[in-house]
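Let me begin by presenting the structure, written as structure tokens, before commenting on it.
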Amino acid sequence: MAYKKSSEFNPSHQLRSEIAVAAARLIAEDGADYASAKRKAAQQLLGNRRIDSDFIPNNSQIEEEVRSYNALFLAETQPVRLLHLRKIAIEVMSELSAFCPYLTGAVCNGTAGEHSDIHLQLFVDSPKDVEIYLLNKNVQFTVSDLESDNQTEKRHRHHTGNDPAEILHFAYKNESIHLALYESNALRGSIRPSRTHLSRSDRLDLVAARLLLEQQIGITTEQVRATLSKTNDTE
């Protein structure tokens, strides 16, 4: 017997979608992290009532809504901002190449916006090695652990199966950089980054990040050419 799609209204699905859309706006416009965005979005829609976890969207659903929001409302500015952040990230990764840097977070998966920071994972024998390296480069940084307010690293730590020993924070070219430092052996058993779906990857090494940047530059160049061509056709 053929399957017949139900037309019945699903309140839990509807509410999850509404919360995801509201959370995506908070992330894209205000720079909220996923956890606080979900909490604030639910409060906006339901007030202070308790809500069952079944009604809360997962991060993947929210991420898709962020992509949709960027495409609908920030199509002219978000790609430019993303390109800038990726260039900065690759500069930092190149400087820290001895520490096996990986790009994560919104700059990696393509949802980065005006308020986004750059998040990297480094795999080292000792966190002190990175600290000494930065000190020798006259980089002023602060140190925190995973329990501090770093929701992005909490979202992406599943790739290593371990918590970082510590997280370093500093500014470079007016952008905030966060380095999550892991033990070297954490990399051996972690999920390797995909080279086939770069634009949707959650983590990229330096080679893959450079390839992704080249792809984005190529797409941007083609978009500019298409726009100029349409302009010339109308003149």
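The values are calculated or read from the model by the stated rules, or taken from the named source; none is laboratory data. These numbers come from a predicted model, not from an experiment. In this analysis, Cβ positions are derived from the backbone assuming ideal geometry, glycine residues included, and neighbour counts consider all displayed protein chains. We work out accessible area using only protein heavy atoms, side chains counted, and drop any ligands, DNA or RNA first. Shrake-Rupley method; radii C 1.70, N 1.55, O 1.52, S 1.80 Å.
Observations, loosely collected:
- To the nearest 10, the accessible area of GLU114 is 130 Å² with a 1.4 Å probe.
- Theoretical gain in end-to-end length, SER126 to LEU211 [0.36 nm per residue, Cα-Cα removed]: 27.7 nm
- Efficiency of FRET between ASN10 and ASP30 - r from beta-carbon atoms, R0 35 angstrom, step 0.05: 0.75
- Full extension of the chain between CYS100 and PHE170 yields a length gain of 23.4 nm, computed as 0.36 nm times the residue separation minus the alpha carbon distance.
- The portion of the accessible surface of the range 68-151 made up by carbon and sulfur, rounded to a whole percent, is 52 (1.4 Å probe; DNA, RNA and ligands excluded).
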